[in-house]
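Visitor: The structure that follows is given in the form of structure tokens.
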Amino acid sequence: MRESTLNSNLYQCRDILDNVRFLLYRFNWRQRYNEYKHAKVLKRKKANLENFRKYGSDPFCVAVIHGGPGAAGEVAPIARKLGETRGVLEPIQTARTLDGQVEELRLVVEQNATKPVIFIGHSWGAWLSYIVTARYPEMVRKLVLVGSGPFEEKYVKLITENRLRRLSQAEKEEYFYIVDILNTSETPASSVFLSRLGDLVHKADAYDPIEIPEDTTGLDFVDNPGEIYQGVWPEAARLRRTGELLRLSVNITCPVVAIHGDCDPHPAQGIQEPLAANLKDFRMIILEKCGHDPWRERYAMDAFYAILEHELSRGRP
């Protein structure tokens, strides 16, 4: 009996080791494949310069940065509107690491803009613009943060609390399920989950939205948005959790303006309090009856564009 039990345990150990070997093989294979695929994407972008879109004409002094990470095309309505009277770039972020996205944005500005530029970053794009500004302060004349996430960890729990109050019980359960998958899984269907999460978040994040189609023209080169999110966001969240994100503010010398909806589930105090205490030139503007995406809000859209026009005119050299 004892010998039988011992043999059974040995077989179980062997099965476990076989599974571990298989998982290691699959991980190494996937890692090599992802590196190969990402290298091909970068090579194609360098050859065709496809990772940005232009609106208006020279000089291109304004860059509008989308959120996500992975939400390419989201801020096209802003870039198009502002491009009616000036040159505007819409960089498209495709890198799967935070440093990769920083370098990607830097290259687009270096090679295509008239510096220093004005960054208008939305959501994750606000953070990305902030990080690039901190690393390359000579490149940026003004930083405009639209619907930014909070800069300190203590405010994060309020985001979920605010969102969940606006969702049904079934939607709450689906929300947590998808978030868990995106944070822990490498499933090939992550783009489907990310799209559905976007639907739930947009519902919770809006006050009275109007439908404005996203422009995905010419974005075929953008890989799986879910993989971009999974590659970038954990590192961004770590920067906030460790305090490194806020410490970057010591390198920012240009004016910084935050535009935030009063119904945005991202708490405004999570931007106002940390940045006002750490930046030399910071202002916060609150839009009434407005959620996370001001350009989609029925009651705030006109005020939002008026503020942008004012800030852009003040930012001219």
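The values are calculated or read from the model by the stated rules, or taken from the named source; none is laboratory data. These figures come from a predicted structure and were not determined experimentally. A quick note on method: Cβ atoms are made from the backbone with ideal geometry, for glycine too, and the neighbour counts reach across all protein chains shown.
Visitor: Can we say Thr184 is modelled with pLDDT under 90, surrounded by fewer than 17 Cβ atoms within 10 Å (Cβ to Cβ), farther than 21 Å from Gly121 by Cα and among the β-branched types (Val, Ile, Thr)?
Guide: yes
Visitor: Follow-up. Taking Leu89 as meeting all but one of (1) in a helix (DSSP H, G or I); (2) at pLDDT 95 or above; (3) of a type outside the set (Asp, Glu), write down the number of the exception.
Guide: All conditions pass for Leu89, except number (1).
Visitor: Hey, another quick one. Please go through the range 259-317 and pick out each residue that is touching a Phe, Trp or Tyr at 6+ places or on another chain (Cβ under 8 Å) and part of a helix (DSSP H, G or I).
Guide: Gln269, Gly270, Ile271, Pro274, Leu275, Ala276, Pro294, Trp295, Met301, Phe304, Tyr305
Visitor: For the subset of the range 235-250 comprising residues that are touching a residue at least 24 places away in the same chain (Cβ under 8 Å) and surrounded by 15 or more Cβ atoms within 10 Å (Cβ to Cβ), which member is nearest to the chain's Cα centre (by Cα)?
Guide: Looking at residues that are touching a residue at least 24 places away in the same chain (Cβ under 8 Å) and surrounded by 15 or more Cβ atoms within 10 Å (Cβ to Cβ), I get Ala236.
Visitor: Could you tell me whether any residue of the range 106-125 is closer than 25 Å to Pro274 by Cβ, part of a helix (DSSP H, G or I) and within 13 Å of the chain's Cα centre (by Cα)?
Guide: Scanning the range 106-125 turns up at least one residue that is closer than 25 Å to Pro274 by Cβ, part of a helix (DSSP H, G or I) and within 13 Å of the chain's Cα centre (by Cα).
Visitor: Shifting gears a bit: Is it the case, given these coordinates, that Ile131 is over 29 Å from Glu311 (Cα atoms) and either among the β-branched types (Val, Ile, Thr) or not assigned by TED's automatic domain parsing to the domain that holds His266 (or both)? Walk me through how you get there before you give the answer.
Guide: Details: over 29 Å from Glu311 (Cα atoms): no; either among the β-branched types (Val, Ile, Thr) or not assigned by TED's automatic domain parsing to the domain that holds His266 (or both): yes.
Here the answer is no, as Ile131 does not meet what is asked.
Visitor: Tell me, please, whether a residue that is touching a helix residue (DSSP H, G or I) at 6+ places or on another chain (Cβ under 9 Å), surrounded by fewer than 19 Cβ atoms within 10 Å (Cβ to Cβ) and in contact (Cβ under 8 Å) with a residue 40 or more places away in the chain can be found in the range 134-143.
Guide: yes
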